Amino acid sequence: MGTRLKVLRAFKALHRTRMAVFKEDDAALTAARLKINEEFRKNKDETSEENIQKMIKMGSDVEIILRQSVLQMEHVGENKLLLRPRESLLLENVPYCDQPRTKS
């Protein structure tokens, strides 16, 4: 796969993740869009294949961190926040067990 295509895929993945992570938060959506575009624009004239690969890796890492670590919260009162986790962040509640299960 060509380098140009890899860069475009990283760019699109970041924007898709931005849309999912900051859904319904116009200020955060705009700030993230501007930052992503600024970083890609700033490095558009890079010619070193090694540096381009490092930047693609960094973009991929940022996308993973956004997708796995960022939660949305909303102020619903003076001292209250409403947590709005995405479906992908919810885990099945598994009770603690002192005795490890044996594989069958």
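The values are calculated or read from the model by the stated rules, or taken from the named source; none is laboratory data. Treat the numbers as computed from the prediction; the structure is a model and nothing was measured. Glycine gets a Cβ as well: all are built from the backbone with ideal geometry, and neighbour counts include every protein chain shown. All accessible areas refer to the heavy atoms of the entire protein, side chains included, with ligands and DNA or RNA removed. Shrake-Rupley method; radii C 1.70, N 1.55, O 1.52, S 1.80 Å.
The residues of region 37-64 that are of a type outside the set (D, E, K, R), part of a helix (DSSP H, G or I) and either over 18 Å from the mean Cα position of the chain (by Cα) or loosely packed, with under 11 Cβ neighbours inside 10 Å (or both), listed by number, are 51, 52, 53. Counting only residues that are part of a helix (DSSP H, G or I) and in contact with a helix residue (DSSP H, G or I) (Cβ under 7 Å, 6 or more places away or on another chain), how many does region 20-36 have? Qualifying residue count for the region: 5. Scanning region 11-27 for residues that are of a type in the set (D, E, K, R) and open to solvent by less than 50 Å² (accessible area, probe 1.4 Å) gives a single hit, 18.
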